[in-house]
Amino acid sequence: EGVDERVLHLVTREVSLGDFILTGGEIPAMALLNGVVRLLPGTVGKVESLKSESFEEGLLDYPQYTRPANFRGLKVPDVLLS
């Protein structure tokens, strides 16, 4: 739950993976390590793939619909209802 108050003055940068609770520090440490290691030469097959990530600007996202099929005059595409 945070950092020992006595060493806070030694912290030069704080990193957060999000606003949630985990059972330990292993999972966030692995996520942070994975994010850093993938930037090392030879780790990723194509260096160009590091320049644009698939989650940016909805690159791999698609329109999503739920019920009702008609919401305030906005209809789900017919092809999805067949």
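The values are calculated or read from the model by the stated rules, or taken from the named source; none is laboratory data. Model, not experiment: these values are computed from the prediction. Here Cβ is always computed from backbone atoms with ideal geometry, including for glycine, and neighbour counts include all displayed protein chains.
Looking only at residues of the stretch 53-73 that are surrounded by 10 or more Cβ atoms within 10 Å (Cβ to Cβ) and small (Gly, Ala, Ser), we find that the one that is modelled with the highest pLDDT is ALA69. Among the residues making up the stretch 23-38, a single one is of a type in the set (Val, Ile, Thr), loosely packed, with under 11 Cβ neighbours inside 10 Å and more than 19 Å from LEU50 (Cα to Cα): THR23.
Under the condition of being β-branched (Val, Ile, Thr) and either at pLDDT 90 or above or in a loop (DSSP other than H, G, I, E, B) (or both), which residue from the stretch 29-48 is farthest from the chain's Cα centre (by Cα)?
Initially, the stretch 29-48 is screened for residues β-branched (Val, Ile, Thr), giving 36-37, 43-44, 47.
If we keep only those that are either at pLDDT 90 or above or in a loop (DSSP other than H, G, I, E, B) (or both) as well, we get 36-37, 43-44.
Working: VAL36: 14, VAL37: 16, THR43: 20, VAL44: 18 Å.
The qualifying residue farthest from the chain's Cα centre (by Cα) is THR43.
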